[in-house]
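Quick notes on the structure that follows.
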Amino acid sequence: MIEIIIGLAIYGYFFYVFSMTFAWISNVGSYIPLVGLLFPRGIDGDMVPPRSNAIDTNAVVHNVLLFCIFVVQHFIMARPATKKVITKVIPVYLERSLFVLCASAILHLIVTHWTPIPIVLYEIGAPWSYAVWATCAFGFVLVFFSTWMIDHFDLFGLRQVFMGNNYTHPPLVVQYLYKYVRHPLYLGFLMNFYATPVMTVGRLVFALTATAFILVGIQLEERDIVDVLGREYEEYRSAVPMLIPSMCPYKPTRRAEKRH
C-alpha cells in the first residue's frame, strides 16, 4: 500500500511541475492573470527590455549548465546498468517512480533558477501571432495526449507500483499518431519550444539545448527499446519517421502481426 501512496504522490508532483514548466516556457503568466497567480515566473522574467543588447554570456553558460543537470540525470538513470544498481536498493516497481521524481525535481530547479535573457530576436504581430500561439498550445496538447496513446501510467511509474512484483514491460502497441511518427511526444515539445510570437535569446538558448538533448536522447532510448522488443521495434523504426509525420500510416508485416 505504501508504494502506491509514494507513486501517487510522485505523480502529483510531476503533474504540477509539468504544468508549471509549460506555463514558464510560454510566459503564459504574463498574458493570463489567473495563470500568473499559480505560476508567476516566465522564462523571460518580467519581459523588461534590457539596458543593452549585448548578450550576457555568463547567463547563457549558467542556463546551459543548469539544463545539463537534467540531461545527465536522464542519460544516467535511463541506462539499463544504472537501473540494475538502483533495483538492488529499492524494489523494481519503484524504479520508474524514482526516475520521475528526480526528473521533476531537476526540472523544477531549472524553472526556478533560470536566468532570463529577454533580448528580443524577433516579434510576430497580430493576426499571425494568433496562429503561432495556437501552434504552441497544440504542442502542449500533443505532448499530453501522446502519453495516453502509449501507456500514460506506465510512463510515469503508476502501473509499476499498482502491479508490484507482477509488473511486466508492456508490448509494442502502434496506434493513433504513432502510426505516422515515432515520437509525437517529442514533436509536441519542439512545437512548444519554438512556436512563440516573441523569441528571445533566453528562450532560444533553452530551445536549442533541449533540441540537442531530444535528438541524442532518441538514439539512446531507441537502442534500449530494441534490446527489449527486438526486431519488432526495428521494423517499426525503419518504416515510420522519427519526428516529421508521414502521410501514410504504419502497417506491420504479416510476421509482426502474428507476434501481436
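The values are calculated or read from the model by the stated rules, or taken from the named source; none is laboratory data. None of these values were measured; they are calculated from a predicted model. As a convention, Cβ positions derive from the backbone with ideal geometry for all residues, glycine included, and neighbour counts pool all protein chains shown. For accessibility, only protein heavy atoms count, side chains too; no ligands or nucleic acids. Shrake-Rupley method; radii C 1.70, N 1.55, O 1.52, S 1.80 Å.
Do we have residue 204 as closer than 25 Å to residue 23 by Cβ, hydrophobic (A, V, I, L, M, F, W, C), at pLDDT 95 or above and open to solvent by 40 Å² or more (accessible area, probe 1.4 Å) here?
Yes; evaluated as a whole, the condition is true for this residue.
With the structure loaded, tell me whether residue 2 is among the β-branched types (Val, Ile, Thr), farther than 28 Å from residue 223 by Cα and open to solvent by 50 Å² or more (accessible area, probe 1.4 Å) or whether it fails that test.
Taking the combined requirement at face value, the residue satisfies it.
Could you list, in sequence order, the residues of the stretch 230-260 that are assigned to a helix (DSSP H, G or I) and modelled with pLDDT of 85 or more? Before you say what the answer is, go through the steps one by one.
Filtering the stretch 230-260 for residues assigned to a helix (DSSP H, G or I) gives 231-239, 254-259.
Passing the criteria: 231, 232, 233, 234, 235, 236, 237, 238, 239.
Of everything in the stretch 111-133, what is open to solvent by 60 Å² or more (accessible area, probe 1.4 Å), part of a helix (DSSP H, G or I) and small (Gly, Ala, Ser)? Give them in sequence order.
none
Kindly establish whether residue 174 is within 17 Å of residue 236 (Cα to Cα), at pLDDT 95 or above, in a loop (DSSP other than H, G, I, E, B) and touching a helix residue (DSSP H, G or I) at 6+ places or on another chain (Cβ under 9 Å).
no
If we only count helices (runs of 4 or more DSSP H) wholly inside the stretch 1-110, which ones have 1 or more residues that are at pLDDT below 90, of a type outside the set (S, T, N, Q) and within 19 Å of the chain's Cα centre (by Cα)?
2-25
I need every pair where a residue in the stretch 59-81 that is within 22 Å of residue 155 (Cα to Cα) has its Cβ under 6 Å from the Cβ of a residue that is open to solvent by 20 Å² or more (accessible area, probe 1.4 Å) and in a helix (DSSP H, G or I), sequence separation at least 6 or different chains.
Listed by first residue and then by second, the contacts come to 67/209; 69/106; 70/106; 71/213; 73/102; 73/106; 76/82.
Looking at the stretch 80-107, which of its residues are open to solvent by 50 Å² or more (accessible area, probe 1.4 Å) and under 11 Å from residue 17 (Cα atoms)?
Scanning the stretch 80-107 gives a single hit, 101.
Show the residue pairs that are 6+ apart or on different chains and have beta-carbon atoms under 8 Å apart, the first residue being within the stretch 22-41 and farther than 21 Å from residue 143 by Cα, the second being β-branched (Val, Ile, Thr) and surrounded by 14 or more Cβ atoms within 10 Å (Cβ to Cβ).
Cβ pairs passing all conditions: 36/28; 41/111.
Run residue 141 past the list (1) closer than 18 Å to residue 44 by Cα; (2) modelled with pLDDT under 95 and report the number of the one that doesn't hold.
The failed condition is (1).
Which ones in the stretch 170-190 are of a type in the set (A, V, I, L, M) and over 16 Å from residue 43 (Cβ atoms)?
The answer is 172, 173, 174, 177, 181, 185, 187.
Testing residue 151 on (1) open to solvent by 70 Å² or more (accessible area, probe 1.4 Å); (2) among the charged types (D, E, K, R); (3) under 24 Å from residue 240 (Cα atoms), one condition comes back false. Which one is that?
Here residue 151 clears every test but (1).
Of all residues in the stretch 154-174, which are among the hydrophobic types (A, V, I, L, M, F, W, C) and open to solvent by 60 Å² or more (accessible area, probe 1.4 Å)?
Within the stretch 154-174, 162, 163, 173 meet the criteria.
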